[in-house]
1. Tally up the residues in segment 113-127 that are among the β-branched types (Val, Ile, Thr) and in contact with a Ser or Thr (Cβ under 6 Å, 6 or more places away or on another chain), please.
2. Quick check: anything in segment 1-21 buried (at least 16 other Cβ atoms within 10 Å of the Cβ) and basic (Lys, Arg)?
3. Limited to segment 94-127, what total is found for residues that are β-branched (Val, Ile, Thr) and either outside any helix (DSSP H, G or I) or out of contact with any strand residue (DSSP E or B) (no Cβ under 9 Å at 6 or more places or on another chain) (or both)?
4. Is it true that some residue in segment 10-28 is in a strand (DSSP E or B), within 16 Å of the chain's Cα centre (by Cα) and closer than 21 Å to residue 123 by Cα?
5. Might you let me know whether segment 36-47 holds any residue that is surrounded by 13 or more Cβ atoms within 10 Å (Cβ to Cβ), modelled with pLDDT of 95 or more and under 13 Å from residue 112 (Cβ atoms)?
6. Based on what the data block shows, is residue 96 in contact with a Leu (Cβ under 8 Å, 6 or more places away or on another chain), at pLDDT 95 or above and of a type in the set (Val, Ile, Thr)?
7. If I filter segment 67-82 down to residues being out of contact with any helix residue (DSSP H, G or I) (no Cβ under 7 Å at 6 or more places or on another chain) and closer than 26 Å to residue 9 by Cβ, which single residue comes out as modelled with the highest pLDDT?
Amino acid sequence: MKLEVINTLTGGRPPVGAFALRQWLIDELLQHKRSDKYHIEVVWVGKAKMTALNKRYRRQNKPTDVLSFPVELEQIHGSAITDAPLGSIILCLPVITRQAKDAKTPLHAELEKMVKHSLRHLIGIHH
């Protein structure tokens, strides 16, 4: 799997690195009997950027925890292309941190839940 991690957070780096992100993504892909031969982008953002994205794409003027932007699935399913683009996962660390505190859940566990949830949207599984 090709994983591109982009950090737009000011004043620090994300609490989990590419190794953990990659492992969570591969585990979830394999659980759903999907290949792990994809290219996935993970972007860390703050509240202002997430609010702008959420307003633009969901018409909600507030930050959200995670957004998923899938590549058209018809273009990649059944493809023999290695590292075919799957899509982007946008994570809002301040919102996820607040959710973890509110739920009395370790931040690491909340992040894993959000990454896997977002990946399910990328592979076409919706709630």
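The values are calculated or read from the model by the stated rules, or taken from the named source; none is laboratory data. Source: prediction; values computed, not measured. Quick reminder, even Gly has a Cβ in these numbers, built from the backbone with ideal geometry, and neighbours come from all protein chains shown.
1. The first filter runs over segment 113-127 and keeps only residues among the β-branched types (Val, Ile, Thr), leaving 115, 123, 125.
From the residues that got through so far, the ones that are in contact with a Ser or Thr (Cβ under 6 Å, 6 or more places away or on another chain) too are none.
Residues flagged as among the β-branched types (Val, Ile, Thr) and in contact with a Ser or Thr (Cβ under 6 Å, 6 or more places away or on another chain) within segment 113-127 amount to 0.
2. Checking segment 1-21: not a single residue is buried (at least 16 other Cβ atoms within 10 Å of the Cβ) and basic (Lys, Arg).
3. The first filter runs over segment 94-127 and keeps only residues β-branched (Val, Ile, Thr), leaving 95-97, 105, 115, 123, 125.
Subset that is either outside any helix (DSSP H, G or I) or out of contact with any strand residue (DSSP E or B) (no Cβ under 9 Å at 6 or more places or on another chain) (or both): 97, 105, 123, 125.
Residues meeting the conditions: 4.
4. From segment 10-28, those in a strand (DSSP E or B) are none; that's our starting set.
Scanning segment 10-28, I find no residue that is in a strand (DSSP E or B), within 16 Å of the chain's Cα centre (by Cα) and closer than 21 Å to residue 123 by Cα, so the answer is no.
5. Yes, segment 36-47 contains a residue that is surrounded by 13 or more Cβ atoms within 10 Å (Cβ to Cβ), modelled with pLDDT of 95 or more and under 13 Å from residue 112 (Cβ atoms).
6. So residue 96 passes the test.
7. Going through segment 67-82, the residues out of contact with any helix residue (DSSP H, G or I) (no Cβ under 7 Å at 6 or more places or on another chain) turn out to be 69, 71-82.
Next, from what is left, pick out any that are closer than 26 Å to residue 9 by Cβ: 69, 71.
Numbers: 69: 94, 71: 85.
Within segment 67-82, the match that is modelled with the highest pLDDT is 69.
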